[in-house]
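**Q** Right, I'll just put the structure down here and ask away after.
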Amino acid sequence: MARNSDGDLEEYSTELYQEAAFDAFMCPLTKQVMQDPVTIETGQTFEREAILKWFRECRDNGRKPTCPLTQRELRSTDITPSIALRNVIDEWRARNDEKELEKACSALSLHHESAEDETLRALTYISQICQRSGAKKNLIRDQGIIPALADMLKSSSRRVRLKSLQVLRTVVEDNDQNKEELGKGDTVRTIIKFLSNEHIQERELAVSLLYELSEYEPVCERIGAVYGAILLLVGMGSSKSENMMAVDKAEKTLKNLEKYDTNIKQMAENGRLQPLLTKLLQGGPEVQVTMTEYLGELALANDVKVVVAEQVGALLVSIIKTGGLPAREATLKALREMSSNESSAKILLQAGILPPLVKDLFSVGASSHFPMRLKEVSATILANLVASGASFRSIPLDNAGRQTLLSEDVVHSLLHLISNTGPAVECKLLNVLVGLTSSPDTTPDVVSAIKSSGATISLIQFLEAAHREIRVESLKLLRNVSPYMGAELGDALGGHLSSLLRVISDGGGGGVTEEQAAAVGLLGDLPERDSKLTRQLFELGAFGTLSSKLAELRRGAIRGNRYTTPLTDGMVKVMYRLTCALQDAPEYVEFAREAALAPLFVELIQVNGQDTVQLYSAMALEKLSLETRNRTAIPEPPPPAASGLLSCACLFGSTSSMAAAAARQAGVCRVHGGFCSLRETFCLAEGGVGGKVVERLVACLDHLNPEVVEAALAALSTLVGDGVDAAEGVVVLGEAEGLRPVVDILVENRTEALRRRAVWVVERILRVEDIAKEVAADQTVASALVEAYRNGDPRTRHTAERALRHLDRIPNFSSAFHAQARRP
């Protein structure tokens, strides 16, 4: 017995068990027991291959053939089989094999750790006799040795396990009966466990054995039935680190397992989808239904959805066109999963899915044979397709190409179906309309159809639906169409405002819900100038509710999530509408005071990363600041001062005038000339939150969003406008280091709206003579004003002209001169 490098026994000595061989059994040439004894003319017996080789050597050496033993020349090289001797030798071998197998089986059955070498000898012997003769494999089975070999797979010795795997592969190779025997019990499961073993050689031997077993169909089916087997094989087959032979065996085993549909399903579930797709494409109708059902049950990754759509998309579309109801049902469920990805949805649209899908969706009556449960699936697919962003204006629904999904009668049908189906279909169809109104290119078509069908009231009534998903989708739809029919929605929403406010104010769970964000978003998108709607919201306590909610958000009392930002955006927009109506009713002003709206908006303009909040907060501060002059209490004028020259803020710094100091000492606002505060009179110049209101607005002038910049500049412009002491307003701007940012906005010329606003503010600033002198030296400012004078709209040109006069770039002719010029 010899050991290899792993310590395994490679050769097996039969001397331990064999009955001694007679001399007559031995070939004189090979000195081995003969397998096929033959006799020559001298009567001597040899192994057939050995004597034939001897004759060839004689001939090759130019000698006449001789007898190897007697050296006598032979007249003939004819050989005669020694049948009797061969039978005797075979009987001798059979007796020895039986004895040796009995002893080997005994060694296996008595296996324990101290007798490891004895076990390995027995295993090696079994391997050797099976390799010598395929017939011995039957003897192995008949002797009941296969179960004993299978038990060796559970040995604690790795050498025994490895040798057992090798021997079992030899025993079952090309022998279906042995495969059947080995496949009994839990042996197959035990072999499969080796596939997850850390030892590479055990994995390789196990997968080789599994491949042999998979060649026999009954056992092949059992392999697939073992939990986790296919996943392990798929992993090994796609591995980059496994031995190439092991990878090949795993692939071949999986190929054999593909004979069974249940295995194909498991492969697909574990990422090996091609067998399913191949069978779907090549199978008959029944097979296609089965494979499609499997496909519909899978959760596919997005890249896999694209592959599936490319390979079988056209086939699935043809099935929903012409297939029977079971086939169509299975196909629709598969398409529901595939269409949920943008790329795969577009592939399905190219394959022609839309016309048959819409046809089934709109089918009515008993003759349609299309149950409502499938309408729900079809509606889901349609919603997925619409969400892909494809151009539905160019996808015809009929052969003539006259109808599309945006055609008025098709949208009418969708609206009709929404009002006459169950909640599940309603929700999905609303989602379809939400998708169609998410693009400015398609929204006008849907809005036109809604108006012509008179469906506005019906859509609004869904706000009261029992199912939350329906309410959310209807809110999204109404919000999408509100820019096109805001006044109509404002009138129709009257009776439902209280429901929306209940949703918004609901604090269930402590977090913000999608429905809350959508509800307040809809209210925020309605026209701000709709005084009737503002009045309704005020009487329902909406502004109080929202201001409290905003305060809670600012304190962190409401748990944040992905809906917090849209909720905040919507609430600020709704609160802004109240500031647009301050002149309509004194109670609005009183509420703004009590709710401290001005300080709230000052806080909100600091919310970085939320452009909408900053934009509408700045716009609200502009509206509030414009109201200051109407709310300021003007004191009795002070006695005239001996001298009161006004000194102003320079462009890069500030100085304070004696008059301003006197005003501050008396508690009078230098800009509005009265008693002001941020909370009570909405004055931006007087203190406020830490005395930093103007500074916070100035900080917004550096914002990346030009709309936020314009809104902040508009709020600041209220300090230098008509009805206030503009010169003192300029001083306030200068103290907040806001003069240079205003000039920079003019020079940068980012948008026409910004330039118009900046030209106006700069002209007001340049009315202060000292600043005008300083700016006159800055050529960039003058150039920007000249550019506005040349290319602006009439109002901007007129304002720029006045500013250039302040800089002495345009002569400031006296009124007397103009009067004299007018004389005939």
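The values are calculated or read from the model by the stated rules, or taken from the named source; none is laboratory data. Remember, it's a predicted structure, so these values are computed and weren't measured experimentally. Note: ideal-geometry Cβ built from the backbone for every residue, glycine included; neighbour counts use all protein chains shown. Note: accessible area is taken over every heavy atom of the protein model, side chains too, but ligands, DNA and RNA are not part of it. Shrake-Rupley method; radii C 1.70, N 1.55, O 1.52, S 1.80 Å.
**Q** Under a crude label model (7 Å from the Cα following the beta-carbon direction), how far is residue 20 from residue 749 in nanometres?
**A** With each label point 7 Å from Cα toward Cβ, the separation is 12.0 nm.
**Q** Once you put a point 7 Å from the Cα of residue 41 and another 7 Å from the Cα of residue 535, both along the Cβ direction, what distance in nm separates them?
**A** About 13.8 nm, to one decimal.
**Q** Which trypsin sites (Lys or Arg not before Pro) from region 558-630 combine a DSSP loop assignment with at most 12 other Cβ atoms within 10 Å?
**A** Details: sites: 559, 562, 573, 577, 593, 623, 629; in loops: 562.
Answer by residue number: 562.
**Q** Please list the non-local residues whose amide H lies under 5 Å from the amide H of residue 45, H modeled 1.01 Å from N, same-chain partners needing a gap of 5 or more.
**A** Correct list: empty.
**Q** When the Kirkwood hydrodynamic radius is evaluated over all pairs of different C-alpha atoms of region 392-513, what value in angstrom, to one decimal, is obtained? Write down the numbers at each step before the final one.
**A** Values: mean 1/r = 0.0656 Å⁻¹.
Radius from the Kirkwood sum: 15.2 Å.
**Q** Same structure again: Count neighbours as other Cβ atoms within 10 Å of each site's Cβ, and list the trypsin sites (Lys or Arg not before Pro) in region 190-281 that are DSSP loop with at most 14 such neighbours. If you can, show how the numbers build up before the last one.
**A** Values: sites: 193, 203, 222, 240, 249, 252, 255, 259, 265, 272, 279; in loops: 240, 259, 272.
Counting only loop positions with at most 14 other Cβ atoms within 10 Å, the trypsin sites (Lys or Arg not before Pro) in region 190-281 are 240, 259.
**Q** Given 0.36 nm per residue, what is the gain on full extension from residue 695 to residue 177 after removing their alpha carbon distance, in nm?
**A** Computed gain between residue 695 and residue 177 is 177.3 nm.
**Q** Using the alpha-carbon centroid of each, what span in Å lies between region 170-207 and region 607-628?
**A** Computed from Cα coordinates, the inter-centre distance equals 75 Å.
**Q** While we're looking at this one, here's another question. If exposed means no more than 15 neighbouring beta carbons inside 10 Å and the site is in a DSSP loop, what's the longest run of the chain without any exposed chymotrypsin sites (Phe, Trp or Tyr not before Pro)?
**A** Result for the longest clean stretch: 228-651.
**Q** Where the only charges are on Cβ atoms (+1 Lys, Arg; -1 Asp, Glu), what is the dipole of region 37-118 about its Cα centre, to the nearest 20 debye?
**A** 920
**Q** Consider a paramagnetic label point 7 Å from the Cα of residue 594 along Cα→Cβ; state which residues of region 536-558 have an amide N under 15 Å from it.
**A** 538-548, by backbone N distance to the label point.
**Q** Any chance you could run the full-extension gain for residue 251 through residue 441? It's 0.36 nm times the residue separation minus the Cα-Cα distance, nm to one decimal. Could the numbers behind the result be given before it?
**A** On the way: separation 190, 0.36 × 190 = 68.40 nm, distance 5.11 nm.
Taking 0.36 nm per residue and subtracting the Cα distance, the gain is 63.3 nm.
**Q** Check the straight Cα-Cα distances from residue 259 and name the aspartates and glutamates below 12 Å, setting aside those fewer than 8 residues away within the same chain.
**A** 215, 217, 221
**Q** Along the charge dipole of the chain, which of 606, 32, 776 sits closest to the positive end, that is, farthest toward it, with unit charges on the beta carbon of Lys, Arg, Asp and Glu (+1, +1, -1, -1)?
**A** Farthest towards the positive end: 776.
**Q** Can you list which of the GluC sites (Glu not before Pro) found in region 142-226 are DSSP loop residues with at most 13 other C-beta atoms within 10 Å?
**A** Loop-located and lightly packed - 198.
**Q** Are there DSSP H segments in the chain that both extend 27 Å or more along their axis (alpha-carbon positions) and score a mean Kyte-Doolittle hydropathy of at least 0.5? List them, or say none.
**A** The qualifying helices are 302-322.
**Q** May I pose another question? For region 445-511, what does the accessible surface come to per residue with a 1.4 Å probe? Please give it in Å².
**A** 40
**Q** A further question follows. Taking a 28 Å limit on the Cα-Cα distance, which of the listed pairs 549/692; 428/549; 240/346 fall beyond it?
**A** 428/549; 240/346
**Q** Here is a follow-up. Please report, in debye to the nearest 20, how large the charge dipole of the chain is about its Cα centre when each Lys and Arg carries +1 at its beta carbon and each Asp and Glu carries -1 there. Let's see the in-between values first.
**A** Details: 93 positive and 108 negative charges, 270 e Å.
Roughly 1300 debye, rounded to the nearest 20.
**Q** Okay, moving on. Once you place label points 7 Å from the Cα toward the Cβ at residue 282 and residue 318, how far apart are they in nm?
**A** Placing both labels 7 Å beyond Cα along the Cβ direction yields 1.7 nm.
**Q** To continue, here is another question. Students often get this wrong, so try it: which of (i) 170, 98, 48; (ii) 77, 68, 59; (iii) 160, 69, 57 is Cα extents along the principal axes in Å as calculated from the structure shown?
**A** For Cα extents along the principal axes in Å, the calculated option is (iii).
**Q** How many angstrom separate the Cα center of region 298-329 from the Cα center of region 421-495?
**A** Answer, in whole Å: 31.
**Q** Round to a whole number: what % of the accessible area of region 406-477 belongs to carbon and sulfur, probe 1.4 Å?
**A** 49
**Q** Calculated FRET efficiency, residue 722 and residue 769, Cβ-Cβ r, R0 22 Å, to nearest 0.05?
**A** Numbers: r = 19 Å, r/R0 = 0.88.
So the FRET efficiency works out to roughly 0.70.
**Q** Oh, and also: May I ask you to list the lysines whose Cα is less than 17 Å away from that of residue 31, ignoring any residue fewer than eight positions away on the same chain?
**A** Straight-distance partners of residue 31: 53.
**Q** If r is the Cβ-Cβ distance from residue 157 to residue 131 and R0 is 22 Å, what FRET efficiency results, to the nearest 0.05? Each step should come with its number before you reach the end.
**A** Working: r = 23 Å, r/R0 = 1.04.
It comes out at approximately 0.45.
**Q** May I ask you to give the solvent-accessible area per residue for region 258-372, in square angstrom, as obtained with a 1.4 angstrom probe? Intermediate results must be reported in sequence, preceding the final value.
**A** Values: 5180 Å² over 115 residues.
Ligands and nucleic acids excluded, the result is 45 Å² per residue.
**Q** On a full-extension model of 0.36 nm per residue, what is the gain between residue 562 and residue 797, subtracting their alpha-carbon distance, rounded to one decimal in nm?
**A** Gain in length upon complete extension: 80.0 nm.
**Q** Just from its helices, what would the mean residue ellipticity at 222 nm be for the chain, if runs of 4 or more DSSP H residues each count -39500 (n - 2.57) and the sum is divided by every residue, rounded to the nearest 500 deg cm²/dmol?
**A** -19500 deg cm²/dmol
**Q** I need the calculated FRET efficiency for the pair residue 243 and residue 215, taking r as the beta carbon distance and R₀ as 22 Å, to the nearest 0.05.
**A** Between residue 243 and residue 215 the formula returns 0.60.
**Q** Just want the answer: with Cβ charges of +1 for Lys and Arg and -1 for Asp and Glu, which residue in 395, 51, 197 is farthest toward the dipole's positive end in the chain?
**A** In the chain, that residue is 395.
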